[in-house]
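The values are calculated or read from the model by the stated rules, or taken from the named source; none is laboratory data. Only a predicted model underlies this, so the values are computations on that prediction, with no experimental measurement involved. Quick reminder, even Gly has a Cβ in these numbers, built from the backbone with ideal geometry, and neighbours come from all protein chains shown. Heads up: the accessible areas ignore ligands, DNA and RNA and are worked out on the full protein's heavy atoms, side chains in. Shrake-Rupley method; radii C 1.70, N 1.55, O 1.52, S 1.80 Å.
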Amino acid sequence: MILVTGGAGFIGGNFVLDWLAGSDEPVLNVDKLTYAGNLDTLKSLDGDARHVFVHADIGDRALIASLLAKHQPRAVVNFAAESHVDRSIHGPGDFIQTNVVGTFNLLEAVRAYWSELPAEQKAAFRFLHVSTDEVYGTLSADDAPFAETNPYEPNSPYSASKAASDHLVRAWHHTYGLPVLTTNCSNNYGPYHFPEKLIPLVIQNALGGKPLPIYGDGQQVRDWLYVKDHCSAIRRVLEAGKVGETYNVGGWNEKPNLDVVHTICALLDELQPRGDGQSYRTQITFVQDRPGHDRRYAIDARKLERELGWKPAETFESGIRKTISWYLDNLQWVSNITSGAYREWISQQYGA
Ligand code: NAD
Ligand code: DAU
């Protein structure tokens, strides 16, 4: 069995679904079910004995310890986090609590469990920490993409909290010998993405006849990776990664935000044209920039390819088409999560 934390979120949910589609090894899924956690994502696993869901906080050390003792996982994959940069600007407290203090408590519970394992299981055990490219800070247009050797220069409360968690994971390896692996991935997109993030927000607003908000000049660059490619990279690192190492994960798909939004509009114009015959592009609205907005992220994923033979399966063009088709086929999933709490966030952030 493996223990997955945050497995009701966007990437964790995709990871659990993909894992159980390709393996009979059970998953213990621990998730606090914050606004971002959604059991609808895992509905296809109802009644499947290979999926054990526990509603819990990674910061609850005693509970995590009892779950580890009971289920004896051979690995932990830690997705659980507060993940939205804009929310971290409005209220950093939850980010410190989950991403830093929560990771610390999880590491301590796992260390206690791991240190008592018989020698063979102890050697085979892995703690894989899922992190982000944002810990490296921001790039200028002509800088080389982030390599694993880049210094950490986080700029937002979110990225600072993720950087802190990466440092804790590193220290638990160097000091206590915990067999850790860390992945630092670029921007994900795909099915089950919460519609506070750029791509699902734009799809949802376009279909709802609402403005498509572009921060600042829309020329900030992100490096997009289809979520299922991120999941395959994590599986590969878990299987063959070298203990104590970090691996950057990316899709070599750098795009300015405005280009991403134009692409979404063009695909929606093709797949679900507006009733009045106009393009969804007419809904684009430039809004106030994000404070401290990082200009460019780009990932050098050559280490993962060279050492572990991983490559993404999707290009941005193939992945974004799949994503839009998925949203058009799953409008119910989106409408189920646009609860009161979600509407409150939208009005706080965009004043709409
Ligand atoms: P998400 O916000 O969609 O999901 C996070 C999940 O963690 C939710 O299900 C939530 O309920 C759960 N959670 C939050 N606090 C918890 C706690 N204290 N205890 C247990 N569960 C808790 O996030 P995501 O986009 O799926 O990101 C998952 C991980 O991947 C995060 O660590 C994030 O930093 C990292 N990451 C995300 C991206 C991206 O583009 N989304 C890219 C690189 C890395
Ligand atoms: O790089 C990896 C990171 O990618 C992850 O670690 C984070 O968890 C994830 O949320 C994501 O962070 P970003 O801030 O890059 O993603 P977001 O979707 O919020 O924004 C993408 C870009 O689009 C960013 O430059 C801000 C811009 N944007 C975003 C929103 C929500 C807009 O222009 N308008 C918007 O309404």
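The rows are residues; the columns are (1) open to solvent by 10 Å² or more (accessible area, probe 1.4 Å); (2) in contact (Cβ under 8 Å) with a residue 60 or more places away in the chain.
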site: 149; (1), (2): yes, no
site: 156; (1), (2): yes, yes
site: 159; (1), (2): no, yes
site: 178; (1), (2): no, yes
site: 190; (1), (2): no, yes
site: 194; (1), (2): yes, yes
site: 198; (1), (2): yes, yes
site: 202; (1), (2): no, yes
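Out of 292, 275, 244, report the one residue that is free of Cβ contacts under 8 Å to residues at least 12 places away in the same chain, surrounded by fewer than 21 Cβ atoms within 10 Å (Cβ to Cβ) and either touching a Pro at 6+ places or on another chain (Cβ under 6 Å) or not acidic (Asp, Glu) (or both).
Selected residue: 275, the only one of 292, 275, 244 that is free of Cβ contacts under 8 Å to residues at least 12 places away in the same chain, surrounded by fewer than 21 Cβ atoms within 10 Å (Cβ to Cβ) and either touching a Pro at 6+ places or on another chain (Cβ under 6 Å) or not acidic (Asp, Glu) (or both).
Scanning the range 214-223 for residues that are open to solvent by less than 10 Å² (accessible area, probe 1.4 Å) and not polar (S, T, N, Q), which turns out nearest to ligand 2 (Cβ to nearest atom)?
214
Go through the range 33-80 and give me each residue that's of a type in the set (S, T, N, Q), over 23 Å from residue 105 (Cβ atoms) and open to solvent by 60 Å² or more (accessible area, probe 1.4 Å).
Passing the criteria: only 44.
Taking residue 298, is it away from ligand 2 (no atom under 16 Å from the Cβ) and aliphatic (A, V, I, L, M)?
No, not satisfied.
Quick check on residue 300: is it open to solvent by 10 Å² or more (accessible area, probe 1.4 Å) and not small (Gly, Ala, Ser)?
So residue 300 passes the test.
How do the pairs read when you match residues in the range 36-47 that are within 17 Å of residue 11 (Cβ to Cβ) and β-branched (Val, Ile, Thr) with residues anywhere that are more than 12 Å from ligand 1 (Cβ to nearest atom) and part of a helix (DSSP H, G or I), using Cβ under 9 Å and keeping only pairs 6 or more apart or on different chains?
The qualifying pairs are 41/17; 41/333.
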